[in-house]
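The values are calculated or read from the model by the stated rules, or taken from the named source; none is laboratory data. Nothing here was measured: the structure is a model prediction, and the numbers come from that model. As a convention, Cβ positions derive from the backbone with ideal geometry for all residues, glycine included, and neighbour counts pool all protein chains shown.
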Amino acid sequence: MTFGHLDIIKRASSLFDEVIIAVMVNQPKKTLFTVEERIEMVREVTSKYPNVK
């Protein structure tokens, strides 16, 4: 997740009743973190936005 992603989430959370974040898997891409780790990171950084799921 980048600062750009966070900015979009922040702005979307003020515009919409509910914002749903999807964490995708791109098989050919080698990632630094597992899907589970990425999901946990998203949960941590979006916890201050109650309408972000």
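Selection of the range 1-34 for residues being in contact with a Phe, Trp or Tyr (Cβ under 7 Å, 6 or more places away or on another chain) and more than 19 Å from S47 (Cα to Cα) yields an empty set. In this structure, does I21 turn out to be part of a loop (DSSP other than H, G, I, E, B), modelled with pLDDT of 95 or more and surrounded by 12 or more Cβ atoms within 10 Å (Cβ to Cβ)? Yes: the conditions hold for I21. Within the range 24-51, which residues are surrounded by 10 or more Cβ atoms within 10 Å (Cβ to Cβ), of a type outside the set (D, E, K, R) and at pLDDT 95 or above? Listed by number, the residues that qualify are I39, M41, V42, V45, T46, Y49, N51. Number of residues in the range 26-53 that are among the polar types (S, T, N, Q), closer than 17 Å to F3 by Cα and part of a loop (DSSP other than H, G, I, E, B) equals 1.
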